[in-house]
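Undergrad: Mind looking over this structure? Questions follow.
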């Protein structure tokens, strides 16, 4: 029974690479105009509020990684000037309502939802949290302590899969302000002062950077009421987003997180410069859905690695950020980014099967890039997506989240979800295969593996020798033959391109 | 295919996931006002299959759930722990008519969101789909529940995926403590193992092909199942279609011989270490009697949990906000089909403060055992429960997941409706009585997990 949303460890990073084909993403994610995004659903007895600010972990100063996150927590999980936190909790309690914040790389989004019977009482609490945070020392110590613990204990020791995904993003975006977890780093969090949090809030939580959204069964008078309430925020000015030059990826390299006793969790990928709104984005989505639709047994990787061979629990791929993938079935909202990562996620499996599974996924990627989708695969996948995409946003709050994110991607008029469904009808298999060739390849990529025996894994990977696996049951000859190809598929990972980091040093600074 | 092992150190919302109502008490009270604001209808086929329809506006989306009233609770035979969950995986391996790749292809064409999960008390197969595909889904689902067919090779391959699911869970300290806690609290009842099962049993699953067919024959029967349909549908149409597709499913459920857990007469304690860095975790569990939605004192046990340890409690304010010695503090009471636990959990920041935190928990319990709680706090909680339920009815799937556990136990929505009626009727004296009757030291198990170093 939690009246507040706790935002779990989110993933990190995006890079600036303004090379979109059709309509460029914002060169600098400046403030949107002040138009309110409205998602009126009269039959919905609840009301959803969303206030998005053009600030995120990319704005963390060097050495202060986590400043944006802690600032957000001081709004959502701390006292206001007129109410202590326990008074806030007591007031929210009978309403069964909450508010919370997601601090992502590019945007921080303060959201809440309440039954319309309780709107008046709730609005006052929501407004107070956003406009009048107290920035009390004891709250600051608590939320910082929680954030440090989330890195030192939870990320490093409670979820190898999330650790592997975070490690991949750090490896791909290393040297940029996008590399660190949105929650920060251990050293960064410890270096932040309360005065810096207060100043960060003053600088970034302004009307100039704000995008307001309302959803559900509200009446029109509410719009003016909420706008008037938020008018008390300072006017401010939109800060220029950091300019990032991503390091080019040449060949394959790997980061092994050495965690004694662990099984293996694998992620690999590279940046893709294609965004919502661009036709190629939707073409690539079709290819990605066929290759690895998240938590869906239609995923080809799932079928190759899990369904046919029983090696692990699941295998998926992505062309947009998908934080907390282990805890959700559908894509999250409010994680818009200028540059996305193409990413393959191979779920936990025994260390002695990890090289085989990695090879299987790399080989499938190569086959797709070289051969493209067949007409039949394309038709099946786009038919699937036309209906399946309805599940991406089943609730009013989710649809509102998508609509607010449309502002980031400059999608005026026709939003992402509508565009998605329309484009599915228009695409051809040739377009999809051209997009695959344009954005995907298999030679230049980075690999992150959390493993219980990093030294042996490094030796094995660098040797590039065959890594066959054995089954407890007889397999059909076709599978056995394919296994021989997989077991010898070139890894092309020289020893000097394989880095080993002890788990206790991950995300330290 | 997810297996939501009990949420650890983040105990569940009242009236959400994990709620499995027990039978109504023998003295069935008068009907109560339905909590769901839609005109639900229930029918039972001649073969015993229960069908519940919840019509609601949903923009053409429908939730189609098949609930088998078998979970890890039913794994009473030695060496068979985790089998209900494993079998959930096998249900996706196809039939003669619709082999798995054909089944999958049809669902893909529909753009369906299909999955399944297993809990202590049930296994649920759920599909989110467009209403136009509803009859086709019924055709598929009725076929696999009657005619499941798979080869031994596929069975053995799937065992590997199940082991993978265990591997991803065991890296979590919360799971390690939960696994040990249940094994300590329950000496005979199958609640003593998690839904995933013991690792040795998981490793041996590939050898149990013949047993798997027996498992299907025993438990996957219409008289042990409920079909739940929520969304833009008309009950009469659904009943006609269900009759058409499911009437031939032959009954024959064989009730498992679940051992009765002996009365606990002395406190049990254990300490364990975790190979990795973690804050110390404290888990305190008290044995409860079986859930009875009409019994105000038994229902009050869960309200006690929130009043005593929830985010507006004195203990929370002291431990989490003021003294900041605890990062997370949670409590909830079981709604399981058989007698379960009232759990209190804490993630403690300072390893030296474990005993101190336990002392605060004890003092809090004593306070509730000595006197009833504040009436306004109880009234606030009762309002919260009602609005929390209503706000949770956002989508057909959300409605289905909210009611599935009650439906599985009662075969209708009466347990759910009765529970919410009883929530509203609970008095401070009932909460006091629950604390006095259930929160006794001799009924509890205390587990502490610390990092090895």
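The values are calculated or read from the model by the stated rules, or taken from the named source; none is laboratory data. Quick caveat, the model's predicted, so the values are computed rather than measured. Cβ coordinates were reconstructed from backbone atoms using ideal geometry, including for glycine residues, and neighbour counts include every protein chain displayed.
Undergrad: Suppose we filter segment A:420-436 for residues that are more than 14 Å from chain B (Cβ to nearest Cβ) and touching a helix residue (DSSP H, G or I) at 6+ places or on another chain (Cβ under 7 Å); how many remain?
TA: The total comes to 7.
Undergrad: Just to be sure, is residue A:295 outside any strand (DSSP E or B), within 16 Å of residue A:348 (Cβ to Cβ), within 20 Å of the chain's Cα centre (by Cα) and modelled with pLDDT under 95?
TA: Yes; evaluated as a whole, the condition is true for this residue.
Undergrad: Across segment A:407-417, what is the number of residues that are touching a residue at least 24 places away in the same chain (Cβ under 8 Å) and out of contact with any strand residue (DSSP E or B) (no Cβ under 7 Å at 6 or more places or on another chain)?
TA: Total satisfying the criteria: 6.
Undergrad: Let me ask something else about it. Quick check: anything in segment A:135-151 farther than 22 Å from residue A:449 by Cβ, within 14 Å of chain B (Cβ to nearest Cβ), in a loop (DSSP other than H, G, I, E, B) and at pLDDT 95 or above?
TA: Yes, there is a match, as at least one residue in segment A:135-151 is farther than 22 Å from residue A:449 by Cβ, within 14 Å of chain B (Cβ to nearest Cβ), in a loop (DSSP other than H, G, I, E, B) and at pLDDT 95 or above.
Undergrad: Answer with yes or no whether residue B:213 is more than 9 Å from chain A (Cβ to nearest Cβ) and free of Cβ contacts under 8 Å to residues at least 12 places away in the same chain.
TA: Judged against the criteria, residue B:213 is a match.
Undergrad: Turning to a different aspect of this structure: Taking the stated definitions as given, is residue A:501 within 25 Å of residue A:156 (Cα to Cα) and either in a strand (DSSP E or B) or not assigned by TED's automatic domain parsing to the domain that holds residue A:169 (or both)?
TA: Yes, satisfied.
Undergrad: Limited to segment A:160-190, what total is found for residues that are out of contact with any strand residue (DSSP E or B) (no Cβ under 9 Å at 6 or more places or on another chain), crowded, with 22+ Cβ neighbours inside 10 Å and assigned to a loop (DSSP other than H, G, I, E, B)?
TA: 3
Undergrad: Output yes when any residue across segment A:456-477 is assigned to a helix (DSSP H, G or I), within 14 Å of chain B (Cβ to nearest Cβ) and either buried (at least 16 other Cβ atoms within 10 Å of the Cβ) or free of Cβ contacts under 8 Å to residues at least 40 places away in the same chain (or both), and no when none is.
TA: yes
Undergrad: Still on this structure, I have one more. Among the candidates A:324, A:364, A:394, which residue alone is within 11 Å of another protein chain (Cβ to nearest Cβ) and either over 13 Å from the mean Cα position of the chain (by Cα) or modelled with pLDDT under 95 (or both)?
TA: A:394 is the lone residue from the list that is within 11 Å of another protein chain (Cβ to nearest Cβ) and either over 13 Å from the mean Cα position of the chain (by Cα) or modelled with pLDDT under 95 (or both).
Undergrad: Of the conditions (1) modelled with pLDDT of 95 or more; (2) more than 14 Å from every other protein chain (Cβ to nearest Cβ); (3) crowded, with 17+ Cβ neighbours inside 10 Å, residue A:251 fails just one. Which one is it?
TA: Residue A:251 satisfies all of (1) modelled with pLDDT of 95 or more; (2) more than 14 Å from every other protein chain (Cβ to nearest Cβ); (3) crowded, with 17+ Cβ neighbours inside 10 Å except (3).
Undergrad: Could I ask something else about it? Run residue B:313 past the list (1) at pLDDT 95 or above; (2) within 12 Å of chain A (Cβ to nearest Cβ); (3) over 20 Å from residue B:424 (Cα atoms) and report the number of the one that doesn't hold.
TA: (3)
Undergrad: Would you say residue A:241 is under 20 Å from residue A:114 (Cβ atoms) and out of contact with any strand residue (DSSP E or B) (no Cβ under 7 Å at 6 or more places or on another chain)?
TA: no
Undergrad: Could you say whether any residue in segment B:431-450 is within 14 Å of chain A (Cβ to nearest Cβ), in contact with a strand residue (DSSP E or B) (Cβ under 9 Å, 6 or more places away or on another chain) and within 22 Å of residue B:231 (Cβ to Cβ)?
TA: No, that holds for no residue.
Undergrad: Residue check: is residue A:176 under 21 Å from residue A:54 (Cβ atoms) and at pLDDT below 95?
TA: It is true that residue A:176 is under 21 Å from residue A:54 (Cβ atoms) and at pLDDT below 95.
Undergrad: Between A:372, A:407, which is on the phi > 0 side of the Ramachandran plot and assigned by TED's automatic domain parsing to the domain that holds residue A:292?
TA: Matching residue, one of A:372, A:407: A:372.
Undergrad: Something else now. Across segment B:84-107, which residue is nearest to the other protein chains (Cβ to nearest Cβ) among those that are assigned to a loop (DSSP other than H, G, I, E, B) and farther than 26 Å from residue B:202 by Cβ?
TA: Checking each candidate, the answer is B:98.
Undergrad: What number of residues within segment B:217-239 are in a loop (DSSP other than H, G, I, E, B) and within 20 Å of the chain's Cα centre (by Cα)?
TA: 1
Undergrad: Also, I was wondering about something else. For segment A:73-94, what are the residues that are free of Cβ contacts under 8 Å to residues at least 40 places away in the same chain and part of a helix (DSSP H, G or I)?
TA: Of everything in segment A:73-94, those that are free of Cβ contacts under 8 Å to residues at least 40 places away in the same chain and part of a helix (DSSP H, G or I) turn out to be A:86, A:87, A:90, A:91, A:94.
Undergrad: As an exercise: evaluate residue B:184 against (1) in contact with a strand residue (DSSP E or B) (Cβ under 7 Å, 6 or more places away or on another chain); (2) more than 14 Å from chain A (Cβ to nearest Cβ); (3) under 30 Å from residue B:348 (Cβ atoms); (4) modelled with pLDDT under 95 and give the number of the one condition it does not meet.
TA: (4)
Yes/no per residue for (1) more than 10 Å from chain B (Cβ to nearest Cβ); (2) within 18 Å of the chain's Cα centre (by Cα):
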position	(1), (2)
A:52	yes, yes
A:58	yes, yes
A:64	yes, no
A:70	yes, no
A:75	yes, no
A:80	yes, no
A:83	yes, no
A:86	no, no
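Undergrad: In this structure, does residue B:355 turn out to be modelled with pLDDT of 95 or more and within 21 Å of residue B:438 (Cα to Cα)?
TA: So residue B:355 does not fit the description; no.
Undergrad: Further, regarding this structure: Can you go through B:328, B:338 and tell me which one is within 13 Å of chain A (Cβ to nearest Cβ), under 30 Å from residue B:71 (Cβ atoms) and either within 27 Å of the chain's Cα centre (by Cα) or crowded, with 24+ Cβ neighbours inside 10 Å (or both)?
TA: B:328
Undergrad: Between B:343, B:295, B:362, which is within 14 Å of chain A (Cβ to nearest Cβ) and either over 18 Å from residue B:279 (Cα atoms) or modelled with pLDDT of 95 or more (or both)?
TA: Being within 14 Å of chain A (Cβ to nearest Cβ) and either over 18 Å from residue B:279 (Cα atoms) or modelled with pLDDT of 95 or more (or both) holds for just one of B:343, B:295, B:362, which is B:343.
Undergrad: Follow-up. Testing residue A:311 on (1) in contact with a strand residue (DSSP E or B) (Cβ under 6 Å, 6 or more places away or on another chain); (2) assigned to a loop (DSSP other than H, G, I, E, B); (3) surrounded by fewer than 24 Cβ atoms within 10 Å (Cβ to Cβ), one condition comes back false. Which one is that?
TA: If we test residue A:311 against (1) in contact with a strand residue (DSSP E or B) (Cβ under 6 Å, 6 or more places away or on another chain); (2) assigned to a loop (DSSP other than H, G, I, E, B); (3) surrounded by fewer than 24 Cβ atoms within 10 Å (Cβ to Cβ), just (3) comes out false.
Undergrad: Inside segment B:375-434, can you point out the residues that are free of Cβ contacts under 8 Å to residues at least 24 places away in the same chain, under 21 Å from residue B:308 (Cβ atoms) and outside any helix (DSSP H, G or I)?
TA: none
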